[in-house]
1. Along the charge dipole of the chain, which of 243, 171, 67 sits closest to the positive end, that is, farthest toward it, with unit charges on the beta carbon of Lys, Arg, Asp and Glu (+1, +1, -1, -1)?
2. Taking loop as defined by DSSP and a crowding limit of 12 other beta carbons within 10 Å, which GluC sites (Glu not before Pro) in the range 174-246 fit?
3. Once you place label points 7 Å from the Cα toward the Cβ at residue 224 and residue 29, how far apart are they in nm?
4. Order 46, 253, 156 by their accessible area, 1.4 angstrom probe, all chains in place, largest first.
5. I need to check one value: relative contact order of the chain, counting alpha carbon pairs closer than 8 Å and at least 6 residues apart, in percent.
6. Note down the magnitude of the dipole of the range 1-73 about its Cα centre, charges +1 on Lys and Arg C-beta and -1 on Asp and Glu C-beta and zero elsewhere, to the nearest 20 debye.
7. Evaluate the Kirkwood expression for the hydrodynamic radius of the range 1-63, namely the inverse of the mean inverse distance over all pairs of different C-alpha atoms, and round to one decimal in Å.
8. Leaving out ligands and nucleic acids, note down the accessible area per residue over the chain with a 1.4 angstrom probe, in whole Å².
Amino acid sequence: MLDNGKPRVGIFGLTGCAGDQLQILNCEDELLRLAESINIVDWVMVKSDNDGNCRLDIAFVEGVVATELDLEILKRTKFLVAMGTCAVWGGLPAMRNDLCREVLERETCESVSTVVDTIEALPPTHFVPFEFLLPGCPIERQEFLATVNSLLFGTVPELPAIPVCWECKAQENTCRVISHREVCCGAMTRGGCGARCPSHGVACAGCRGPVEEPNYDANITMFADRGISWMEISERMRDFSAPVWMRMGLEEVIDDER
Ligand code: SF4
Ligand code: SF4
């Protein structure tokens with residue numbers, strides 16, 4: 001399926017904010033260089049002449065599956081790369097799964113004439129196998145470029161497996177938990193962002209999803225030992241990574257401790 005030796009690539013946004021596609025656009029000069037190595041045949045956000053039917057060598061997918069239409073896009077290729085925490089773990093859109101459908105429609109669709117029929121918001125990785133997962137809300141540009149380069153050279157892209165805390169210590173930041181008594185999710189969250197938030201004086205909200213085997217009990221005990229209320233702990237931990245953290249057992253830990 002190569003066109004003049006270039007793989008046919010599609011970039012798709014399912015239900016989400018398009019932030020990961022914007023990150024690709026922000027690659028600017030690098031993006032031009034990339035366009036010489038790959039043939040982007042379908043990218044609705046950027047091009048008007050898209051081939052919506054051809055089979056693809058690689059599809060980059062962001063967002064969650066929340067409508068039947070989203071599912072169709074996943075059939076375009078067997079080589080799928082998930083971009084962003086929504087596509088990898090469910091992210092912010094999946095937080096709506098716990099809300100009552102009637103309340104959701106009343107609060108969000110009051111002034112809209114047509115309400116799209118939605119299904120439970122789940123990451124595309126729930127429906128089909130993905131070859132590679134790029135977490136982040138949004139993704140890191142350098143990780144995207146490194147991934148494409150690896151795929152072009154036929155190697156397996158490697159992402160850091162360290163937690164955000166490791167990067168935070170390397171930056172010599174003051175710890176938000178120890179010095180500021182804040183709920184910081186750095187120890188449970190996969191690094192790769194360079195501890196961006198703590199480096200700017202803000203606690204990590206866990207946007208890159210969990211590290212392998214996060215120790216929820218130890219983290220919650222650490223927060224509680226510093227006098228942080230259960231209400232605050234549970235509210236702070238219901239953001240970006242909440243859907244997957246809850247599925248992985250965090251909810252039981254919070255309920256048991258409360
Ligand atoms: S501020 Fe957050 S990321 Fe940094 S060391 Fe403390 S817990 Fe870890
Ligand atoms: S510090 Fe945490 S919330 Fe901030 S960008 Fe990194 S993973 Fe995301």
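The values are calculated or read from the model by the stated rules, or taken from the named source; none is laboratory data. Predicted model, so just to flag it, every value in this text is computed and none were measured. Don't worry about glycine lacking a Cβ; one is built from the backbone with ideal geometry, like all the others, and counts go over all protein chains shown. Side chains included, ligands, DNA and RNA excluded: accessible areas come from the protein's heavy atoms. Shrake-Rupley method; radii C 1.70, N 1.55, O 1.52, S 1.80 Å.
1. 171
2. In loop regions of the range 174-246 (DSSP not H, G, I, E or B), the sparsely surrounded GluC sites (Glu not before Pro) are 212.
3. 5.3
4. The residues order as 156, 46, 253, largest area first.
5. Averaging sequence separation for qualifying contacts and normalising by length gives 17 percent for the chain.
6. 140
7. Answer for the range 1-63: a Kirkwood hydrodynamic radius of 12.2 Å.
8. That works out to 53 Å² for each residue.
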